[in-house]
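The values are calculated or read from the model by the stated rules, or taken from the named source; none is laboratory data. Predicted model, so just to flag it, every value in this text is computed and none were measured. Glycine gets a Cβ as well: all are built from the backbone with ideal geometry, and neighbour counts include every protein chain shown. Surface areas here come from the heavy atoms of the whole protein model, side chains and all, with no ligands, DNA or RNA. Shrake-Rupley method; radii C 1.70, N 1.55, O 1.52, S 1.80 Å.
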Amino acid sequence: MLKRLIYGSRAVDANSTNLRAILTASRIGNPKAGITGALCLLDGVYMQYLEGDECAVEALYARIEVDARHRAPVVLDRTFIAVREFPEWSMALLAWDERIKAIMGLHGLRPPGSTPRDIAPDHAAAFFRALAATPNWVSL
Ligand code: FAD
């Protein structure tokens, strides 16, 4: 069955070498596993949306969860879905601006006190969708 898993975590040293390595692993591994989705990095916080076969998604998340390049991952949403939301894999760096702050506010988050990782689980998918629709979404 098709499943989506969304989590948030705090980046440990989100330098370009780490980002490039994560991106390379994702571009090679995800298509092989039939996983699509998106990963964004906003002010030191990762948020990733993974979708695919349940076993493949859970196996990937088990590897990601123990990755030392981030810490304190929190699963925000783990739901069976009928169709994919992000059929093309993408990874983005988001820049803070009033638009992002407004989207956060709409979903009950007040920066800088709260980060995307603090999103209520029932808002996670809609919040991610709204972020991905902004011009701030700079695909890497
Ligand atoms: P190996 O590459 O054999 O590595 C062994 C261990 O070392 C693993 O625990 C790995 O996490 C860790 N590791 C590997 N490289 C580094 C490094 N440069 N610095 C520190 N630790 C390292 N992978 C995907 O395939 N798809 C994704 O969508 C994906 N998203 C990710 C999102 C985030 C925020 C992070 C931090 C990582 C992501 N990864 C993703 C990478 C994933 O965690 C694994 O490293 C990757 O899948 C390779 O797994 P492996 O078991 O073959 O580990």
Exercise for review: Count the net charge of all other residues whose Cβ sits under 15 Å from the Cβ of R84, scoring Lys and Arg as +1 and Asp and Glu as -1.
Suggested key: -3
Review point. How much accessible area per residue does the chain have, in Å², with a 1.4 Å probe?
Key: 50
Check your understanding: Which value, in debye to the nearest 20, gives the size of the charge dipole of the chain about its Cα centre, when Lys and Arg are +1 and Asp and Glu are -1 at the Cβ?
Key -> 180
Check your understanding: Within a Cβ distance under 14 Å of I28, other residues only, what is the Lys/Arg minus Asp/Glu net charge?
Key -> +4
Review point. All other residues with a Cβ under 12 Å from the Cβ of G105 taken together, and with Lys, Arg as +1 and Asp, Glu as -1, what is their net charge?
Key: +2
Point to revise | Cα pair count fraction exceeding 18 Å, expressed as % - the chain | key: 52
Revision key, fill the gap. Within the set T17, T36, T79, GNM on the chain using Cα springs under 10 Å gives the largest fluctuation to T17
Point to revise | Separation between Cα centres of segment 88-105 and segment 110-140, rounded to whole Å | key: 6
Review point. Contour minus end-to-end for I28 and A72, with contour as 0.36 nm per residue of separation and end-to-end as the Cα-Cα distance?
Key: 13.3 nm
Point to revise | Taking the chain and dividing mean pair separation by its residue count, relative contact order in percent (alpha carbons under 8 Å, at least six apart) | key: 33
Check your understanding: For segment 77-118, which whole-number percentage of the solvent-accessible area (1.4 Å probe, protein heavy atoms only) is attributable to carbon and sulfur atoms?
Key -> 57
Study note, to complete from the structure: Mean separation of Cα contacts under 8 Å (at least 6 apart) over the residue count of segment 1-80, i.e. the relative contact order in percent, is 55
